[in-house]
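A.B. asks: Encoded as structure tokens, here's the structure I'll be asking about.
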2 protein chains.
Amino acid sequence: MTARRPKAEIFEVGPRDGLQNQSRILGVEAREHFILSLLDAGLRDIEVGSFVREDRIPQLAGTQALLARLDKARSRYKKLSPRFWSFVPNRKGFSDALETSSDGFSFFIAASDTFCLRNVNRSQEDLFQELAQLLPAARKAKRLTRVYLSTVTYCPYEGPIRPAQVLRVVKKLVDLGAKEIALGDTTGHATPRDMERLLTPLLKVAPASRFAMHLHDTRGLSLANVCQSLEMGVSKFDSSAGGLGGCPYAPGAAGNLATEDLVYMLQQQDLLKADIDLAALARASHWLEAQLGSLLPSKVLKTLKG
Amino acid sequence: MTARRPKAEIFEVGPRDGLQNQSRILGVEAREHFILSLLDAGLRDIEVGSFVREDRIPQLAGTQALLARLDKARSRYKKLSPRFWSFVPNRKGFSDALETSSDGFSFFIAASDTFCLRNVNRSQEDLFQELAQLLPAARKAKRLTRVYLSTVTYCPYEGPIRPAQVLRVVKKLVDLGAKEIALGDTTGHATPRDMERLLTPLLKVAPASRFAMHLHDTRGLSLANVCQSLEMGVSKFDSSAGGLGGCPYAPGAAGNLATEDLVYMLQQQDLLKADIDLAALARASHWLEAQLGSLLPSKVLKTLKG
């Protein structure tokens, strides 16, 4: 069955989704160093920050300054041609992001209305209306776009989410012209069978290339879910260096799928599109462990110690 | 593809493979309590001890006494009809095991000759000759048998192991009448593609029902490998409560696949044959954590805390 699988691409979320959940706060300089190390390892798509209120998420304060520094470093990574993504939570964040050289903007919505309310204090309908304005505006400003669609199999407040509910949201997002939809198994409940039940209807309304999987390893299932997704043609995966992160708003959600674990599995099967240097990636994560004063959960990272 | 998958069975190795790798030593009474808790959770096949020299592996000292105690408890588990397995490393261990009520005997060999030498200080050929005597003798004594075939994809001393090398060993074992062969990814290097490459030739010489997978979660790949194995019809899996264990003789080998993680994934997909009580299983592992004074690695176990 190997032959049917497409080659996979990685979207690194550590510097944003990962760091925003850490109690120890890193400054702009440290975050720049971390991001440049990830580029050195060959990662191209990196979510570097967020245009949120700095008093709300101090971990990501100074994203504008960070992007300015990263912009200056571009010339050293011409061959890689990095894409620095930013999380844009609302209109205010959008206008701030437009003033930077951020290559791509990512937006948020959830399949569960309750999760929208609890996570960003806004209804799903409200978020749809905003996306209807911001997605075309981002494209007009020549920025790449993606939409995080959270709680695609399970909501910490509503419980199991039915594929039909996700399908309705995806249809709307496709109608709004969402280029890439990152399907978030926010709480890490999903099994390969859930992936199958989720993706089967979705792939009838949009091609596999429109989807990315944003998996959490809460129950150790993320690599199995990657395999199932690849089997069905979906080949973009969000991950974070070292398995950093988690979702601060979702009770019981553990770290993101670790980039090292994903890279190891894909490389061993010749299923990774980019040329990633796993040892360099591990060095970046080990450096980050020292900065944060705690060990990261990636299993492959532990085998690369020393 | 769900329909093609057979229902899975679990072979619990925590009380043997798991405990023998712990620095803190549990007495016979504590081990009995642990094993009875596993029966309470619905696990039927449990490797409870080993007939090794007690000065070599003090963690498993008193296996004979343990089996005597467990035998007395059988009447309380009539419906489950437990099968208490013992690891039998050599002729001396075999004659000791024969004096107990152990339902099944498990033996060891490795695809890598170097691993045989380093692990038990005997050549692969020597182990084959012993198995040729002990397997029929065990059957004659009405005991169930299984053979652990270690290093099926990677040897810590020899490096990658080719499927053809494993095939040769499996053919010999089948000729010797080995009822069940537990294929050990000792170092946790294997990916689903390795599973596919390993099992494809093996399933031509013996039916899937003759194989079990003994996976280590060193690189977080064991659940993905379970899915691939199930896909190919192999449906028996070794696991240890809490993910206890590892292989003391294999550098870099981390814990066994955790029974909780396996049970969660299989139950959620309606792929588990037995009726396992996951909460009861987690209670057994939490009790063990308290005994050992350390946390166990199972991810699902962490979500069941408190």
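A.B. asks: (1) under 22 Å from residue A:35 (Cα atoms); (2) within 12 Å of chain B (Cβ to nearest Cβ): which one isn't true of residue A:213, the others all being true?
C.D. replies: Exception for residue A:213: condition (2).
A.B. asks: Could you grab me the full set of residues in segment A:190-209 that are open to solvent by 10 Å² or more (accessible area, probe 1.4 Å), more than 14 Å from every other protein chain (Cβ to nearest Cβ) and not basic (Lys, Arg)?
C.D. replies: So the first thing to find is which residues in segment A:190-209 are open to solvent by 10 Å² or more (accessible area, probe 1.4 Å), and the list is A:193-194, A:196-197, A:200-201, A:203-205, A:207-209.
Next, only the ones that are more than 14 Å from every other protein chain (Cβ to nearest Cβ) stay: A:201, A:203-205, A:207-209.
The answer is A:201, A:203, A:205, A:207, A:208, A:209.
A.B. asks: Further, regarding this structure: Looking at B:149, B:173, B:183, B:135, can you tell me which residue is under 18 Å from the mean Cα position of the chain (by Cα) and in contact (Cβ under 8 Å) with a residue 60 or more places away in the chain? Before you say what the answer is, go through the steps one by one.
C.D. replies: Numbers: B:149 fails: in contact (Cβ under 8 Å) with a residue 60 or more places away in the chain; B:183 fails: in contact (Cβ under 8 Å) with a residue 60 or more places away in the chain; B:135 fails: in contact (Cβ under 8 Å) with a residue 60 or more places away in the chain.
After ruling out the rest, the residue left standing is B:173.
A.B. asks: Regarding segment A:133-141, can at least one residue be identified that is of a type in the set (Gly, Ala, Ser) and in a strand (DSSP E or B)? Walk me through it before giving the result.
C.D. replies: Quick first cut of segment A:133-141, residues of a type in the set (Gly, Ala, Ser) only: A:137-138, A:141.
The next check asks that each one be in a strand (DSSP E or B); those that pass are none.
No: segment A:133-141 contains no residue that is of a type in the set (Gly, Ala, Ser) and in a strand (DSSP E or B).
A.B. asks: Here's something else I'd like to know. Against the conditions (1) among the β-branched types (Val, Ile, Thr); (2) within 14 Å of chain B (Cβ to nearest Cβ); (3) open to solvent by 10 Å² or more (accessible area, probe 1.4 Å), where does residue A:187 fall short? Just the number, please.
C.D. replies: (3)
A.B. asks: Among the candidates A:167, A:80, A:134, which residue alone is more than 28 Å from residue A:35 (Cα to Cα) and at pLDDT 95 or above? Write out each step before concluding.
C.D. replies: Numbers: A:80 fails: more than 28 Å from residue A:35 (Cα to Cα); A:134 fails: more than 28 Å from residue A:35 (Cα to Cα).
The match here is A:167.
A.B. asks: Could I ask something else about it? Between A:132, A:97, A:141, which is open to solvent by 30 Å² or more (accessible area, probe 1.4 Å), more than 17 Å from residue A:181 (Cβ to Cβ) and among the small types (Gly, Ala, Ser)?
C.D. replies: Numbers: A:132 fails: more than 17 Å from residue A:181 (Cβ to Cβ); A:97 fails: open to solvent by 30 Å² or more (accessible area, probe 1.4 Å).
Testing whether each residue is open to solvent by 30 Å² or more (accessible area, probe 1.4 Å), more than 17 Å from residue A:181 (Cβ to Cβ) and among the small types (Gly, Ala, Ser) leaves just A:141.
A.B. asks: Next question, about the same structure. Pick from A:24, A:56, A:91: which is over 30 Å from residue A:234 (Cβ atoms), out of contact with any His (no Cβ under 7 Å at 6 or more places or on another chain), free of Cβ contacts under 8 Å to residues at least 12 places away in the same chain and charged (D, E, K, R)? Break it down into steps so the answer makes sense when it comes.
C.D. replies: On the way: A:24 fails: free of Cβ contacts under 8 Å to residues at least 12 places away in the same chain; A:91 fails: free of Cβ contacts under 8 Å to residues at least 12 places away in the same chain.
Exactly one of A:24, A:56, A:91 is over 30 Å from residue A:234 (Cβ atoms), out of contact with any His (no Cβ under 7 Å at 6 or more places or on another chain), free of Cβ contacts under 8 Å to residues at least 12 places away in the same chain and charged (D, E, K, R), namely A:56.
A.B. asks: Moving on. If I go through segment B:279-291 residue by residue, how many of them are surrounded by fewer than 18 Cβ atoms within 10 Å (Cβ to Cβ) and in contact (Cβ under 8 Å) with a residue 60 or more places away in the chain?
C.D. replies: Adding up the residues that qualify gives 4.
A.B. asks: Same structure, new question: Tally time: how many residues in segment A:1-51 are more than 14 Å from chain B (Cβ to nearest Cβ) and in a loop (DSSP other than H, G, I, E, B)? Show your work before the answer.
C.D. replies: Of segment A:1-51, the ones more than 14 Å from chain B (Cβ to nearest Cβ) are A:6, A:9-51.
Next cut, in a loop (DSSP other than H, G, I, E, B) only: A:6, A:13, A:22-27, A:41-44, A:51.
Of the residues in that region, 13 qualify.
A.B. asks: Taking the condition of being within 11 Å of chain B (Cβ to nearest Cβ), within 16 Å of residue A:22 (Cβ to Cβ) and at pLDDT below 95, how many residues in segment A:253-300 meet it?
C.D. replies: The total comes to 5.
A.B. asks: Here is a check on your reading of the model: is residue A:144 away from chain B (no Cβ under 14 Å) and either without any contact (Cβ under 8 Å) to a residue 40 or more places away in the chain or in contact with a Leu (Cβ under 6 Å, 6 or more places away or on another chain) (or both)?
C.D. replies: Values: away from chain B (no Cβ under 14 Å): yes; either without any contact (Cβ under 8 Å) to a residue 40 or more places away in the chain or in contact with a Leu (Cβ under 6 Å, 6 or more places away or on another chain) (or both): no.
No.
A.B. asks: Could you give me the residue pairs with C-beta distances under 9 Å whose first residue belongs to segment A:68-87 and is over 17 Å from residue A:105 (Cα atoms), whose second residue is among the aromatic types (Phe, Trp, Tyr) wherever it lies, and which are 6+ apart or on separate chains?
C.D. replies: A:74/A:84
A.B. asks: Does residue A:215 count as at pLDDT 95 or above and either open to solvent by less than 10 Å² (accessible area, probe 1.4 Å) or in contact with a helix residue (DSSP H, G or I) (Cβ under 9 Å, 6 or more places away or on another chain) (or both)? Write out each step before concluding.
C.D. replies: Numbers: at pLDDT 95 or above: yes; either open to solvent by less than 10 Å² (accessible area, probe 1.4 Å) or in contact with a helix residue (DSSP H, G or I) (Cβ under 9 Å, 6 or more places away or on another chain) (or both): yes.
So residue A:215 fits the description; yes.
The values are calculated or read from the model by the stated rules, or taken from the named source; none is laboratory data. Keep in mind that this is a model prediction, so the values were computed, not measured. Methodologically, a virtual Cβ is constructed for each residue, glycine included, from the backbone with ideal geometry; neighbour enumeration extends over all protein chains shown. Quick note on the areas: whole protein, heavy atoms, side chains included, nothing else; ligands and nucleic acids left out. Shrake-Rupley method; radii C 1.70, N 1.55, O 1.52, S 1.80 Å.
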